[in-house]
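Novice: Before I ask anything, here is the structure I am working with.
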Amino acid sequence: MTGQQLRLTPRLTRLLKSEEAVYGLILVSGMIVVSGSLVGTSVNALVTTAVTVLVFYLAHVYAGTLGRLAMTDGKAGLGESLLASARHSLGLLVASVPPLLVLLSGTTDVIDDTLAIWLALIVNTVMLGALGWIAVAAWSTHWTSRLLGGLITAAFGGILIVLKAVIHH
């Protein structure tokens, strides 16, 4: 399936196909593993992960702004560079919403803390696989290439799930 077949807007599809979205999900998985393993509550995992994602987004925007200004010898202008960088890095924030919502459901006792942490990791891994599939679908019609792209991308989340299991036990 492609982003269009999933009925995603073109803008959302572009955001989710970005390296920032993939990177953001890997970051979220890592933060869930670390924060959930230290205290084991979804509140801790939610706050730690949300703050970390926000800081990384701001750092990406800052670095992107500096890079754009440096590449153009300042001709791009601060406002234009800042806006372009903020748009370019938005996938990092957008991709983190579903796992953060899962963690939020654990903080409100809709589901158990431990289940929320594990479910957020699973959601992340499935999303990584879907993003890998969608990204490859943009340039290949072969289902084997799409599957391989999805599996490789999902493997980053899978590795972190294994790490969580090892740390937890």
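The values are calculated or read from the model by the stated rules, or taken from the named source; none is laboratory data. What you see is a predicted model; the values in this text were computed from it and never measured. Here Cβ is always computed from backbone atoms with ideal geometry, including for glycine, and neighbour counts include all displayed protein chains. The area values use the complete protein model at the heavy-atom level, side chains included, leaving out ligands, DNA and RNA. Shrake-Rupley method; radii C 1.70, N 1.55, O 1.52, S 1.80 Å.
Novice: Is there any pair linking a residue in segment 72-91 that is more than 23 Å from residue 53 (Cα to Cα) to one that is part of a loop (DSSP other than H, G, I, E, B) and open to solvent by 40 Å² or more (accessible area, probe 1.4 Å), with Cβ under 6 Å and at least six apart or on different chains, and which?
Specialist: Note: no pairs meet the criteria.
Novice: Here's something else I'd like to know. Every residue in segment 134-157 that is part of a helix (DSSP H, G or I) and among the small types (Gly, Ala, Ser), please.
Specialist: Result: 135, 137, 145, 149, 150, 154, 155, 157.
Novice: One residue is enough: does segment 112-135 have a residue meeting the conditions under 30 Å from residue 68 (Cα atoms) and among the small types (Gly, Ala, Ser)?
Specialist: yes
Novice: Shifting gears a bit: Can you name the number of the only condition in (1) in a helix (DSSP H, G or I); (2) modelled with pLDDT under 90 that residue 109 fails?
Specialist: (1)
Novice: Right, here's the next one. If you check 115, 160, 131, 104, which single one turns out to be open to solvent by less than 40 Å² (accessible area, probe 1.4 Å), in a helix (DSSP H, G or I) and under 19 Å from residue 46 (Cα atoms)?
Specialist: Checking each option against the conditions leaves just 160.
Novice: Residue check: is residue 46 aliphatic (A, V, I, L, M) and surrounded by fewer than 19 Cβ atoms within 10 Å (Cβ to Cβ)?
Specialist: no
Novice: Open to solvent by less than 40 Å² (accessible area, probe 1.4 Å), under 26 Å from residue 134 (Cα atoms) and assigned to a helix (DSSP H, G or I): is that true of residue 97 in this structure?
Specialist: For residue 97, the condition - open to solvent by less than 40 Å² (accessible area, probe 1.4 Å), under 26 Å from residue 134 (Cα atoms) and assigned to a helix (DSSP H, G or I) - is not met.
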